[in-house]
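The values are calculated or read from the model by the stated rules, or taken from the named source; none is laboratory data. If you're wondering where the values come from, they're calculated on a predicted model, not measured in any experiment. Here Cβ is always computed from backbone atoms with ideal geometry, including for glycine, and neighbour counts include all displayed protein chains.
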Amino acid sequence: MDKEVVNIVDRRTGAAYDLPFFKGAVRAMDLRQIKTGPEDFGVMTYDPAFLNTASCQSAITFIDGDKGILRYRGYPVEQLAENCTFLEVAYLLLNGELPSALELKQWVEAITTHTMLHETTKKFLEGFRHNAHPMGMFISTVAALSTVYPESRHVLDPEIRRLQIRRLIGKVPTIAAYTYRHSLGFPYVYPDNDLSYAANFMNMLWKMVEPKYQANPVLARALDILFILHADHEQNCSTNVMRAVGSSQADPFLATAAAAAALSGPLHGGANEEVLRMLDEIGTKDRVHAYVDSVKAGKGKLMGFGHRVYKNYDPRARIIKWAAGKVFEVTGGNPKLEIALELERIALEDEYFIKRKLYPNVDFYSGIMYQAMGFRPEMFTVLFAIPRTVGWLAQWQEMIEDPEQKIARPRQIYTGYEARNVVPMEKRAAAAVTA
Ligand code: SDX
């Protein structure tokens, strides 16, 4: 008897079904044969928030949540952070292999020649109030690029896809920096193509009147490592959005803007900004215990803790904690670090968090480091969106090239009224119904 099947008996009919395993899963469509009669639609799965549903096959990123493992195209993220640059890792995520020296040189040149924005783009940004949140400006401006490159809608053309991918990777740091400069009322700084990806980003953020910006190499490397760690994370919320929006063949600028919108939520990429607010609210190390008790009493969450997949220490958090130490050696530290360390110490010993397997995630230490580097909390999620644009594009490209994929359109379990007839206004109950 074939062991690679799961046998299901429908006790409504007594019928038995052998459902073949597919790479350890069961195809949901195989359940549709389970019917009570020819009129029956068949059995669906019900899985709100997709807790146990694979929406695709992907070869890009592997996570083992129990063991705290994260690999991009098979390479442990720890090794990539130690040995590679962000653009090298971007090449790996998009092409499946690490580049040779010549391939990397050509790749860097290709991205570098796309760092400029059309001058009209700056007019989009001018329309925002000075206190507009940078994520709102970032998302809107990325979407607006769809109007600058209308040919990008031809998503089935590999060459057109390739060009838009390079444009987006090259331009997102420029857009991010321009949102920052706009919020300060400073003039925009044009890209300096002599600089690395991270150093040029710092140039566009912080260059003032000096003839040429000199990036601190320790800070530039720390930013590059943070970009590597944030580049992809398999089917997270924002990547799911990228795939769903891309599945309707919307152009990659609009899909990336939609993904960034999902990332902005406080439960997702917006958590790094919320961590800083939480540390500010705690205020001092001796108030950490009281705050933890309030979380355990159900008053809010410990921001930067917990994860849908990791039920162990997020491997990225460990590296970020190390990188933050390197940054503090240059910047002189961040007083919030001792509060964060005390929060981590207490949470890792407390049964409430241990039982729920809540460990620090990627967002817990990144904000403290960014703040020490001079970024304001409102910029933190934009700093997440820049590198994650590469992951979104790699996943989007894989989806477009996947023959199994089609427009994403989930089913539902209907719980509303059965058919009923409209009652004329004069016969409707006078009871006021609040909308
Ligand atoms: C990112 O998916 C990804 O890969 C995302 C990401 C990426 O790289 O793309 O890794 C980036 O988004 C990291 C997560 C950043 N978010 C935060 O730090 C916000 C705080 N964390 C939580 O909101 C939460 O942990 C989530 C959203 C991250 C995960 O939520 P789940 O998987 O839906 O888990 P859950 O809400 O069902 O929690 C299970 C239990 C619940 O308690 P009980 O109802 O069982 O009593 O754990 C509790 C939750 O209340 N819980 C927390 C908690 N997170 C979960 N309690 C206190 N503090 C928390 N942070």
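Values for this structure:
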{"item": "From Ala176, Ala198, Ala215, residue being of a type outside the set (D, E, K, R), closer than 24 Å to Arg129 by Cα and either away from the ligand (no atom under 16 Å from the Cβ) or modelled with pLDDT of 95 or more (or both)", "result": "Ala176"}
{"item": "Residue within the range 184-195 that is part of a helix (DSSP H, G or I) and either away from the ligand (no atom under 16 Å from the Cβ) or crowded, with 20+ Cβ neighbours inside 10 Å (or both) present", "result": "yes"}
{"item": "Matching residues in the range 263-292 - criterion: being closer than 16 Å to His307 by Cβ, surrounded by fewer than 21 Cβ atoms within 10 Å (Cβ to Cβ) and of a type in the set (A, V, I, L, M)", "result": "Leu267"}
{"item": "Complete set of residues in the range 345-375 that are away from the ligand (no atom under 13 Å from the Cβ), of a type in the set (Phe, Trp, Tyr) and either exposed (fewer than 13 other Cβ atoms within 10 Å of the Cβ) or part of a loop (DSSP other than H, G, I, E, B) (or both)", "result": "Phe375"}
{"item": "Among residues of the range 209-254, those that are part of a loop (DSSP other than H, G, I, E, B) and under 30 Å from Val330 (Cβ atoms), counted", "result": "12"}
{"item": "The range 218-234, residues that are of a type in the set (Val, Ile, Thr) and within 16 Å of the ligand (Cβ to nearest atom)", "result": "Ile225, Ile228"}
{"item": "Residue that is farthest from Trp392 (Cα to Cα) [pool: residues in the range 265-306 that are touching a residue at least 60 places away in the same chain (Cβ under 8 Å) and more than 11 Å from the ligand (Cβ to nearest atom)]", "result": "Ile282"}
{"item": "Residue among Arg11, Arg32 that is touching a Phe, Trp or Tyr at 6+ places or on another chain (Cβ under 8 Å) and among the charged types (D, E, K, R)", "result": "Arg32"}
{"item": "Residue that is modelled with the lowest pLDDT [pool: residues in the range 316-339 that are within 27 Å of Cys237 (Cβ to Cβ) and out of contact with any helix residue (DSSP H, G or I) (no Cβ under 6 Å at 6 or more places or on another chain)]", "result": "Arg318"}
{"item": "So Val218, is it surrounded by fewer than 24 Cβ atoms within 10 Å (Cβ to Cβ) and within 30 Å of Cys56 (Cβ to Cβ)", "result": "no"}
{"item": "Neighbours by Cβ (under 7 Å, 6+ apart or cross-chain): first from the range 357-376, in contact (Cβ under 8 Å) with a residue 12 or more places away in the chain and closer than 16 Å to Phe227 by Cα; second of a type in the set (S, T, N, Q) and within 10 Å of the ligand (Cβ to nearest atom)", "result": "Asp363/Asn272; Ser366/Asn272; Gly367/Asn272"}
{"item": "Neighbours by Cβ (under 8 Å, 6+ apart or cross-chain): first from the range 41-57, more than 16 Å from the ligand (Cβ to nearest atom); second part of a loop (DSSP other than H, G, I, E, B) and of a type in the set (A, V, I, L, M, F, W, C)", "result": "Gly42/Ile34; Val43/Ile34; Met44/Ile413; Tyr46/Ile413"}
{"item": "Positions within the range 307-326 being outside any helix (DSSP H, G or I) and within 12 Å of the ligand (Cβ to nearest atom), in sequence order", "result": "His307, Arg308, Val309, Tyr310, Lys311, Asp314"}
{"item": "Criterion (within 16 Å of the ligand (Cβ to nearest atom), in contact with a Ser or Thr (Cβ under 7 Å, 6 or more places away or on another chain) and aromatic (Phe, Trp, Tyr)) met by exactly one of Trp396, Trp392", "result": "Trp392"}
{"item": "Near pairs, Cβ below 6 angstrom, 6+ apart or cross-chain, from the range 139-153 (closer than 12 Å to Val172 by Cβ) to any residue that is among the β-branched types (Val, Ile, Thr)", "result": "Thr141/Ile175; Val142/Thr256"}
{"item": "Candidates Ala259, Ala231, filtered to the one that is touching a residue at least 40 places away in the same chain (Cβ under 8 Å), under 26 Å from Asn131 (Cβ atoms) and not hydroxyl-bearing (Ser, Thr, Tyr)", "result": "Ala259"}
